[in-house]
Amino acid sequence: MSATQTVLQRNADLSEQLGERTFTITPDLKALVLTCADHRVDPAHVLGLDLGEAVVLRNPGGRVTPALVQNLAVLAVVAAVEGLEPGFELIVMHHTDCGITRLDTPDYAPMVASYFGIEEDAVASKHLSDPTEAVRADLEALRSNPLMPPTLVASGIVYDIETGLVEVVCPPQPLGAARQP
Ligand SMILES: [Zn+2]
């Protein structure tokens with residue numbers, strides 16, 4: 001059976017289970033999770049997110065890149081068009097043993113620099129091999145981006161593939177708040 005056939009069967013099962021259940025365009029937790037594309041860190045599983053609870057954006061590493069900022073800007077406009085109230089919380093989740101650590105060599109610096117929209121000599125500031133520092137770097141990237149509303153509450157966490165536990169690196173606070181020591 002192909003992967004597509006497998007998921008189509010599962011979808012048919014889901015549709016039956018949902019029955020008449022309906023969902024609004026506002027996620028129940030008013031949360032947006034940014035995390036890695038890695039199959040081991042699906043927030044529906046590791047954060048226990050149920051259907052309809054959170055918007056999830058995923059990319060290699062779960063990183064704040066120019067493309068990710070553009071994604072957030074489009075979502076903010078969708079929310080505004082829909083008339084949703086502000087007050088969303090952004091959760092940035094990185095993880096141990098991330099595939100992006102394999103790119104932390106000079107050979108891949110040009111590609112990594114392009115991914116982040118930075119110069120090659122600044123690639124080290126993205127801490128590809130250290131998820132804790134990478135979360136801090138990404139929250140700083142959000143704070144320093146003039147497109148990000150200072151009222152947006154954001155947090156940074158790291159998921160440990162070995163233990164299944166999450167560690168809080170940056171507790172939730174508005175981007176415009178004073179930085180944690
Ligand atoms: Zn990853």
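The values are calculated or read from the model by the stated rules, or taken from the named source; none is laboratory data. Predicted model only: the values in this text are computed from it and were never measured. Every residue, glycine as well, gets a Cβ built from its backbone with ideal geometry; the counts of neighbours run over all protein chains shown. We work out accessible area using only protein heavy atoms, side chains counted, and drop any ligands, DNA or RNA first. Shrake-Rupley method; radii C 1.70, N 1.55, O 1.52, S 1.80 Å.
Which percent, to the nearest 5, of DSSP beta bridges fully inside the chain are antiparallel? Before the final figure, lay out each step's value.
Values: 6 of 24 bridges.
So the antiparallel bridges in the chain amount to around 25 percent.
Tally Lys/Arg at +1 and Asp/Glu at -1 over every other residue whose Cβ is under 10 Å from the Cβ of residue 51; what's the total? Intermediate values should be presented prior to the final figure.
Numbers: positive: 21; negative: 28, 50, 53.
Here the count lands on -2.
Taking only the alpha-carbon atoms of the chain, what semi-axes of the equivalent ellipsoid follow from 5 times the gyration tensor eigenvalues under a square root, in whole Å, largest first?
Values: eigenvalues 160, 100, 49 Å².
Three semi-axes, in Å: 28, 22, 16.
Here, segment 42-139 is characterised by an Rg to Rh ratio of 1.01, where Rg is the alpha-carbon radius of gyration and Rh the Kirkwood radius.
With a 1.4 Å probe and every protein chain left in place, work out the accessible area per residue of the chain in Å², rounded to a whole number.
On the way: 10830 Å² over 181 residues.
Per-residue accessible area for the chain comes out at 60 Å².
Spatial offset of segment 84-115 relative to segment 9-42 amounts to 23 Å, using the alpha carbon center of each.
Close amide H pairs (under 5 Å, H built 1.01 Å from N) link residue 57 with 33, 34, 35, residues at least 5 positions away or on another chain.
When you work out D = kT/(6 pi eta Rh) for segment 1-93 at 10 °C and 1.306 mPa s, using the Kirkwood radius from C-alpha pairs as Rh and the Stokes-Einstein form, the result is 106 µm²/s. Each of 39, 105, 156 was placed along the dipole of the chain (beta-carbon charges, centred on the mean Cα), and the one lying farthest toward the positive end is 156. Computed over segment 100-181, the alpha-carbon pair-distance distribution with 5 angstrom bins reads 3, 14, 22, 20, 17, 16, 8, 1, each value a whole percent.
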